[in-house]
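**Q** Here it is, the structure, as structure tokens.
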Amino acid sequence: MYHAIVFFPLIGALVAGLFGRVIGARISEYVTTGCLAFACLIAWGAFFLVTGEGHAERVQVAQWFSAGDLVVDWAFKADTLTAVMLIVVTSVSTLVHLYSIGYMHEDPHRPRFFAYLSLFTFAMLMLVTSDNLVQMFFGWEGVGLASYLLIGFWYEKPSANAAAMKAFIVNRVGDFGFSLGIFLVFVLTGSVAFDGIFAKLPELKDAHFHFLGHDWHALTLACLLLFMGAMGKSAQFLLHTWLPDAMEGPTPVSALIHAATMVTAGVFMVARLSPVFELAPTALSVVTIIGGITAFFAATVGLVQNDIKRVIAYSTCSQLGYMFVALGVGAYAAGVFHLFTHAFFKALLFLGAGSVIHAMHHEQDMRNMGALRRYIPFTTAMMTIGTLALIGFPFTAGYYSKDAIIEAAYMSDRPGHVLAFLATVVAAFMTSFYSWRLFFLTFEGPARWAAHGAHGHDAHAHDASAHGADGAPGHHEGVAHDDHGHDVEPASHSAIEHHDHVHTPHESPLVMTIPLAILAVGALLAGLVFKERFIGHDMEAFWGHALAHGPENHIMHAIHEAPRWVSLSPFVMLVAGFLLAFWMYIRRPDMPHRLAESQPVLYRFLLNKWYFDEIYDRVFVRPAKNFGLFLWKEGDGRIIDGLGPNGIAARVVDVTRGVVRLQTGYVYHYAFVMLIGVAGLITWYLVTGAAGGAH
């Protein structure tokens, strides 16, 4: 059963990737989507089998390798945590595959795209079914590779190539820490298998490890290094810069990366290793603080973004912060529950945004939208459901999981919990504001796309660079318009056709709207249906030994005793955010422009994402480039080549030039040289002969 779940996506990827040109795009789409649908069906069966009947098991595939004391098996760990991740990954991936059949229908490279999608899913499935850290690292790097291929899918776009490399390189920073953490865990426990690691933990509770001239609490150091990997993969504060740029990939890729696969890998890893983190309270405090800062930081940046996909991307970053807050305060079940519910409504929002972009003929700037509710009513309804779930409206999926995290942050006694509580509450207000801002700019108000189309694409390009959010001055970033492959070349016939006259927005085809409807059901009901199992009365029976439930960890019971005002605070924040957005974008649409003009420093600070990209460029990127140029020009060119191959070749040339001068063609020159040679020989004979006679 688990073999089929994991390997069917790989089969689809191989068929589409190796034989796509032979079988054609349509067959490639059907094969990959069919393989994912079959894996999804089996995954749901495995979920009910594991969680309903308690059939947790370990499935041996093969012995991978052994080196001394290190023995690594290729095996599947099938418990509740694995079962939850399997249905999240396969369900969202299946719907993304189905959606992509309609969304990517104009792209000439569809077999390659679907092969990459299925490869991405296979790598994530390898990660979540891993029985040991080495297999997890294989899946970890696999999703990194697949994300590079998908973000840079339109490789003819320089911005897509840059975004793909940025995602790959930033993740390598986190992965370096993750690999060091794996090494340290093996040194401490003598095992990389989870069961072997957990069995050794009681002996390591007070162990120390000498590192960088300091004696560290061994498990704290290991957890900090492992969490460094989670920070990169799940785009936490300081290692978050790759996530918004990942929007350069096609919209279905954004939905897959942000909802179900890559960014949730870090959350899953910390949850899987929760027994280790439970014995490292300092590391959990770091997780709590970083999660709270990320939730707040990403929400502030989302307030002023104009690209519809970037707003949702920063929303993802913020929601990941919520998940890490839950993990940090010990509410592991609440963190995984939010991962579960978030997958449905975030995939719904991204695919809904793709439907909007499809309706707007590849326009992504919300300032050039408006009044779409009358033209694409179904997409509008789906985006409304996704927005309500994201902001945590009562009885939607996000309501149960997000509120549980905020209550857990308040009730915790973990150092840093106050910061996390305040950050998540304020982020709840900002989430409501920017979510409704997106909705009002896109679906309500005047039809700004009509005026935009009348002026043409080039006119708007100049206008966009001269205006900031909602028409405010100071926006120097380009506005994305190229979410389809044929728009890569601006001079193409398609691009001219799209912008020379006004197009009436239209609803997406059924192959794109059916996935939206299914995800909407999950966004509405996932929290209500699974609440008791994930975080309610049935929690301990549901999770079993999949998550840590130490004797001192009572946080999941404490959240039921949270003060009434704490429980009501998220609802108050979402109402306040809605009212402010309604007032600014419906009642007083001139207000955002005036506010941006009155606060230019703050506006530019948020618009430029706290200047992290500029700081990293100045501190890391430019020095690295300059150092590389120095090594190339001076080290390689001047020293190695100059003194090595090029230097030797130059000396040979110099010698041959001198020798060539001797070949004059005159007999008396040769006779003169011969006389000099004879004189030299006689002199040598006389000297050596005299020395020999004297001896």
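The values are calculated or read from the model by the stated rules, or taken from the named source; none is laboratory data. None of the values given here were measured: they were computed from a predicted structure. Ideal geometry is used to build each Cβ from the backbone, glycine not excepted, and the neighbour counts take in all protein chains shown. Heads up: the accessible areas ignore ligands, DNA and RNA and are worked out on the full protein's heavy atoms, side chains in. Shrake-Rupley method; radii C 1.70, N 1.55, O 1.52, S 1.80 Å.
**Q** Mind checking which of P623, V572, S254 is farthest towards the positive end of the chain's charge dipole, using Cβ charges of +1 (Lys, Arg) and -1 (Asp, Glu) about the Cα centre?
**A** My answer, from the dipole projection, is P623.
**Q** Same structure, new question: Exceeding 24 Å between C-alpha atoms, which entries from my cross-link table qualify? They are K233/K346; K309/K402; K346/K609; K200/K233; K233/K402; K531/K609.
**A** Correct reply: K200/K233; K531/K609.
**Q** Further question on the same structure: Rounded, prolate or oblate for the chain? Axes are the square roots of the Cα gyration tensor eigenvalues, ordered a ≥ b ≥ c, and the cut-off for rounded is a/c under 1.5.
**A** Prolate.
**Q** Please say if the range 69-128 is rounded, prolate or oblate, where rounded means a/c under 1.5 for a ≥ b ≥ c the square roots of the C-alpha gyration tensor eigenvalues, and otherwise the choice is prolate for a/b larger than b/c and oblate otherwise?
**A** oblate
**Q** Related question: Measuring from centroid to centroid over Cα atoms, what is the spacing of the range 621-694 and the range 574-590 in Å?
**A** Each part's Cα centre sits 83 Å from the other's.
**Q** Got a number for carbon plus sulfur as a percent of the range 251-313's accessible area, 1.4 Å probe?
**A** 78
**Q** Can you give me the long-range amide H partners of H208? Hydrogens built in the peptide plane at 1.01 Å from N, cutoff under 5 Å, separation of 5 or more residues or another chain.
**A** Here the answer is A218, since their amide H atoms fall under 5 Å of that of H208.
**Q** Right, something else. Put +1 on the Cβ of each Lys and Arg and -1 on the Cβ of each Asp and Glu in the range 7-143; which of F8, I101, W140 then has its Cα farthest toward the positive end of the dipole?
**A** I101
**Q** Also, I was wondering about something else. Students often check this: by mean Cβ neighbours within 10 Å, which of 407-414, 80-87, 541-548, 153-160 ranks highest, and how do the rest follow?
**A** The packing order, highest mean first, is 80-87, 407-414, 541-548, 153-160.
**Q** Pull up all non-local amide H partners of V61: gap of 5 or more, or a different chain, and H-to-H distance under 5 Å with H placed in the peptide plane.
**A** Amide H neighbours of V61, under 5 Å, 5+ apart: W74, A75, F76.
**Q** A further question on this structure: Once you sort the root eigenvalues of the Cα gyration tensor of the range 1-134 as a ≥ b ≥ c, which label holds: rounded (a/c under 1.5), prolate (a/b larger than b/c) or oblate (the other case)?
**A** oblate
**Q** Calculate how steeply helix 564-582 sits against the longest principal axis of the alpha-carbon atoms of the chain, using the helix alpha-carbon long axis, and give the answer as 0 to 90 degrees to the nearest 10.
**A** 80
**Q** Okay, moving on. Using a probe radius of 1.4 Å on heavy atoms only, what accessible surface per residue do you get for the chain? Whole Å² is fine.
**A** Computed with neighbouring chains in place, this is 41 Å² per residue.
**Q** Just to confirm the number: angle between the C-alpha axis of helix 645-662 and the first principal axis of the chain, 0 to 90 degrees, nearest 10?
**A** 30
**Q** For A624, project a label point 7 Å along Cα to C-beta. Then give me every residue of the range 217-233 with its amide nitrogen under 19 Å of that point.
**A** Within reach of a label on A624: 228-233.
**Q** What angle, in degrees between 0 and 90 and rounded to the nearest 10, separates the Cα long axis of helix 133-151 from the longest principal axis of the Cα atoms of the chain?
**A** Around 90 degrees separate the two axes.
**Q** I want to check the label-to-label distance for A199 and W44. Put each point 7 Å from Cα in the C-beta direction and report it in nm to one decimal.
**A** The modelled label-to-label distance comes out at 3.8 nm.
**Q** Between the range 363-381 and the range 50-82, how many Å separate their Cα centres?
**A** 47
**Q** How do 341-352, 105-116 rank on mean C-beta neighbours within 10 Å, highest first?
**A** Descending packing order for the listed peptides: 341-352, 105-116.
**Q** Gap in Å between the Cα centre of the range 236-251 and the Cα centre of the range 90-134?
**A** Centre-to-centre distance over Cα atoms comes out at 18 Å.
**Q** In straight Cα distance, which lysines are under 16 Å from K633, not counting same-chain residues fewer than 8 positions off?
**A** Qualifying lysines at Cα under 16 Å: K625.
**Q** Let me spell out the model: positive unit charges on the Cβ of Lys and Arg, negative unit charges on the Cβ of Asp and Glu, origin at the Cα centre of the range 542-695. What dipole size does that give, in debye rounded to 20?
**A** Result for the range 542-695 is approximately 460 debye, rounded to the nearest 20.
**Q** For the range 48-117, with all protein chains present and a 1.4 Å probe, just round the carbon and sulfur fraction of the accessible area to a whole percent.
**A** 55
**Q** What order, most packed first, do the peptides 120-132, 56-68, 527-539, 676-688 have when packing is the mean number of other Cβ atoms within 10 Å of each residue?
**A** 120-132, 527-539, 56-68, 676-688
**Q** Go through V301, L339, T379 and say which Cα lies farthest out towards the positive end of the charge dipole of the range 281-383; charges sit on Cβ, +1 for Lys and Arg, -1 for Asp and Glu.
**A** Positive-end residue among those listed: T379.
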